[in-house]
1. Once ligands and nucleic acids are excluded and a 1.4 Å probe is used, how much of L461 is accessible, expressed in Å² to the nearest 10?
2. Taking a ≥ b ≥ c as the square roots of the Cα gyration tensor eigenvalues, with a/c under 1.5 meaning rounded and otherwise prolate when a/b beats b/c, else oblate, which class fits region 83-417?
3. Counting other Cβ atoms within 10 Å, which trypsin sites (Lys or Arg not before Pro) in region 330-428 have at most 15 and lie in a DSSP loop?
4. Extension gain E340-D263, at 0.36 nm per residue separation less the Cα-Cα distance, in nm?
5. Per residue, what accessible area does region 15-132 have, given a 1.4 Å probe and all protein chains present, in Å²?
6. Given the pairs K343/K441; K124/K208; K353/K425, which span a C-alpha to C-alpha distance of over 25 angstrom in this model?
7. With the full set of protein chains in place, find how many percent of the accessible area of region 83-417 is carbon and sulfur; take the probe as 1.4 Å.
8. How large is the accessible surface of V350 in square angstrom, using a 1.4 angstrom probe and rounding to the nearest 10?
Amino acid sequence: MKYCLKILKFVFIPLLLYGCSKEIENDLTITNVNVINVENGEVLKSMDISINKNKISGITNHKNNIQYKGKLVDGTDKYVIPGLFDMHTHIFNNSDPQPPNIWYFPLMLANGVTGVRDMWVKTKEQSEQVVEWREKLKTNDFEGPRIMHIGRIVDGEEPINGNFDVISTFDDAKAYVLKLKNEGIDFVKVYSKINKEAYDGFIEETQKQGMYVAGHPPLSIPLEYLSNTGMKSIEHVTMHHLYFSGIEDSLRPKFTRNLLDNDALAEAVRTFDEKKFENIVKVLVENKTFISPTIWTSKIDIANLGMDFFEDQEGVPFIPPDEYAEWQHFRDTKPNLSDETNKRNDSIFVHEKFLIKKMYDAGVQLLAATDVGYYYMIPGFSLIDEVIELKDAGISELGALQTATINPAKYFNATDSLGTIEKDKLADIVILEANPLEDIKNLKKINATIINGKLFDKEALGKMKMKVLTANYKSTLKNLPPVVNPEDIKINLEKYTGEYATLNNGYTFKVVIRDSLLTIDYGYIIDKLEPFSKRLFRVQNSNVYYNFAVNEKNEIIGLEVLFNGRAFEYLKK
């Protein structure tokens, strides 16, 4: 009995439920894992996490030597964090005809993104689709993130985008909010041309209806006013430069279309008023106004890195051909800039990082957000890039991690169920192979994603990625070389896609770096380390190449996906 009491003295309260029992049955147990507390940066070493149904039912010390029944995941030398949030997405905004659950959602889960806030659900049909996905998630019949809140974009006269709804009066704004509420919309996303009268109508009615306003800072309304009246989040720090200028009023007319005129931005940076900035930031902190920097978007777009920088990104081969072609067209229509202009744009981006660091230091709550659905943003991959870029701006690893975990939970008023790894919270968890508090880039080292208690281990995540590549391949059939019989390949592809990342020889995938794409005229089978001896053909779509090896029966026995010299091989045990 004394021995029993001695044990209980050093274990978590949930163990009391079992007395001195050494055996517990769970739906899923992660054993001997390091648990990161994203609120204070502490790491609980060697813990066992019990998961039942969709919740964390207990966290105990692995040293208690409890025997677990049910599915087990070995967490030795691994780290768990809460599922990541992307707080600015456009899941219905892709150019490719494939729906988002074909490529957006698998790539999100594969990168640990278990929750999103979507900024532009355009129609009632789309909002109904979101409701259906939410219901399916409850029964684990949906492989995608939690779509926490959805919004609808509204702009003023002469809108930036002809597809935006347009509202100009107080009464119309109030009526518009009621319409959105009936469609299941959670918030109004205001845009740059909204006037103060309409904005006030949105604020008044959303507060009555339990909704809120978020979005771009309207060009004609001071930032302090937006915060003081209850705008919940303000997007894109790139669009904030005007408000921190010492000549804001005289500079405003130069932003003739929106807040992304680089000439005007450069002048706003040059006339930056630090005292004014500090006063505005103080208001943001007092009102608990959230800021979504979208710094990764700025790095590629405002700094004009575009396709030249983008093409080397890890997630590029997963972009559907039609989407990639649209992005490439967008880049091709941009003018070539002089070295002087590029240097000026770089200075805008550097100043933006300075502002983000100052906001963070002052206590502004930042949200990790990508603007995925916009050019160059890759679902899941770009969210991790955003968090890494926030760290590069001078924020600590912990602070950067908080922008994608606990801060979004606070935003959604959901800290009772999300945002940390704790008993009774929803089991949205990412298992990492290294500690992100030591190096934020360790967020890329994902071992498994758990959403609503459902485990997607490394193999399952690999299959999800392969499914995306396979769907992309199907759209390339029209570009097959004349020597290949499309019908034969279609038939074989169906056999191949049945197991996605597993070929008939039991091999899955590996990423390797090759020499220049132009020098590659054959693929490799990894286990033999020799060239394919069978017939090989190549399918080209934009800058993506698919090398297939087939045997005498015309069955696919190997696949290599190449992008500018980088080969993604799916042939390793």
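The values are calculated or read from the model by the stated rules, or taken from the named source; none is laboratory data. Here the structure is a predicted model, which means the values were calculated and not measured. Cβ placement follows ideal geometry from the backbone for every residue including glycine, while neighbour counts extend to all protein chains displayed. Accessible surface is based on the protein model in full, side chains and every heavy atom, while ligands, DNA and RNA are left aside. Shrake-Rupley method; radii C 1.70, N 1.55, O 1.52, S 1.80 Å.
1. Its heavy atoms expose roughly 10 Å² to the probe.
2. In terms of gyration-tensor shape, rounded.
3. Those that pass, being in a loop and sparsely packed, are K423.
4. That works out to 26.5 nm of additional length.
5. Values: 4670 Å² over 118 residues.
On a per-residue basis, region 15-132 sits at 40 Å².
6. Beyond 25 Å between Cα atoms: K343/K441; K353/K425.
7. 46
8. Only protein atoms counted, so the area is about 90 Å².
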